[in-house]
1. Please list the non-local residues whose amide H lies under 5 Å from the amide H of Val94, H modeled 1.01 Å from N, same-chain partners needing a gap of 5 or more.
2. For an R0 of 51 angstrom, estimate the FRET efficiency from the Cβ-Cβ distance between Gln252 and Ser6 and round to the nearest 0.05.
3. So what is the calculated 222 nm ellipticity per residue for the chain, using -39500 (n - 2.57) for each DSSP H run with n of 4 or more, over all residues, to the nearest 500 deg cm²/dmol?
4. Calculate the radius of gyration of the Cα atoms of the stretch 190-262 to one decimal place, then report Dmax, the largest Cα-Cα distance, as a whole number, both in Å.
5. Rounded to the nearest 10 Å², what accessible area does Trp316 have for a 1.4 Å probe in the complete protein model?
6. For a quick check: with amide H placed at 1.01 Å from N, whose amide H comes under 5 Å from Ser220's, ignoring anything fewer than 5 positions away on the same chain?
7. Using a 1.4 angstrom probe on the protein heavy atoms only, line up Arg109, Arg81, Arg176 by accessible area, largest first.
8. Can you tell me the alpha carbon radius of gyration of the stretch 155-238 divided by the globular rule-of-thumb value 2.2 N^0.38 Å?
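The values are calculated or read from the model by the stated rules, or taken from the named source; none is laboratory data. For clarity, every value in this text was computed on a predicted model and none was experimentally measured. A quick note on method: Cβ atoms are made from the backbone with ideal geometry, for glycine too, and the neighbour counts reach across all protein chains shown. Quick note on the areas: whole protein, heavy atoms, side chains included, nothing else; ligands and nucleic acids left out. Shrake-Rupley method; radii C 1.70, N 1.55, O 1.52, S 1.80 Å.
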Amino acid sequence: MDEFPSRTALKSYSEQQDSTAGKHAEPTSLSQTLIYYIEGNKWWIKVTLRGPTANLPLNYTGEQPTTKRERREFFQSFVRRIDYKWLPLLPYTVTEIILGDATAPGFERELKLNDASGTLQNPNTALKCKVREDPLSVAYPSCEEYPSFRQINHKELTGITEITPGVFWVSHHGKRYISKIVNRPLYRRHDTEVIRKELENLKYFAGVPNIVQAVGVTVSPHPYKSFGWDTGLPPVVTGILLEAYPGGTLQQVLSDRRVTEYHWKQWPIQIGIALNRFHEAKKTHMNLNPSNIVLDADGNAVLIDISGIGGFTPEWCAPEVLGDILPRDLPFEQCQLNDVWAYGKLLSEIASQIRDD
């Protein structure tokens with residue numbers, strides 16, 4: 001008897017539907033994420049079928065599943081039969097096994113299946129698959145990349161309340177902060193690069209007034225840790241912990257038409273000086289708008305979202321930068337002029353609520 005018998009733990013199931021297909025059309029792909037345990041180790045795996053379930057050559061004689069629940073149960077019963085030890089699984093990430101698409105990138109392998117008794121068998125037609133790293137798996141930076149930041153165990157955070165996808169109010173030892181996580185909804189690998197760039201800028205602008213300040217990075221053991229014996233693996237960064245500014249965003253103030261309730265005359269100076277610090281460092285913000293300016297307890301303006309390569313808001317971009325090239329990929333001089341244009345529009349928005357006395 002094996003000391004460490006293999007087993008699978010099913011995680012999330014998803015389907016992709018052709019937006020032009022009818023309401024009851026079968027999805028274009030099915031995916032099942034799971035963890036495969038063997039010999040004291042674990043592997044994260046996503047099995048993806050591109051095309052209908054009828055494409056699985058399993059000599060299936062029952063009626064084809066027609067509802068999402070039926071498809072999920074049918075597909076899950078199939079992925080439990082795969083003998084994963086014969087595949088080149090990738091450590092510290094998610095291995096994607098793709099069926100039904102010979103043109104998919106990756107290493108081609110033959111899939112070996114177990115029957116109900118656990119013995120290996122293959123269908124009459126050899127079942128080929130492609131094996132690659134799942135491009136949607138989360139890339140977690142090592143905490144060794146950021147030795148100057150305080151490391152805070154993510155389990156120590158309490159009172160977690162979502163503000164926007166991937167951004168939360170949290171408490172740590174009774175004090176409120178803002179947490180931005182790496183594993184965001186609809187994650188893309190670029191999101192990790194945004195986090196890296198934001199940490200780079202937070203380090204550069206540490207202590208600079210009117211620019212958001214970091215408290216530290218949140219860390220945890222590697223979520224995709226594969227080997228039970230690998231006890232010396234450093235923690236990974238799961239997010240950034242930022243100072244919280246209780247005055248809310250400038251967008252909220254403008255929407256509520258409460259500009260005159262504040263010492264608003266200091267805002268153009270504070271925002272302008274902060275922006276100038278970016279440009280002196282040959283950096284640009286590229287998403288300057290009222291939602292990315294918050295107010296501290298004294299009503300001072302603070303610039304946030306400072307990666308410079310995150311999302312951009314088209315209506316807050318200069319018209320000449322909205323072309324075929326993403327604004328963040330433009331030369332520094334054009335990005336700088338875009339910041340200046342957005343700054344001018346921001347001043348105009350503030351001034352529109354000021355009455356002449």
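1. Asp134
2. On the way: r = 53 Å, r/R0 = 1.05.
Efficiency at R0 = 51 Å is approximately 0.45.
3. Helix-only estimate at 222 nm: -6500 deg cm²/dmol.
4. 18.2, 62
5. 30
6. Here Val236, Thr238 satisfy the definition.
7. The ranking, largest first, comes out as Arg176, Arg109, Arg81.
8. Values: Rg = 14.5 Å, N = 84, 2.2 N^0.38 = 11.8 Å.
Output field value: 1.22.
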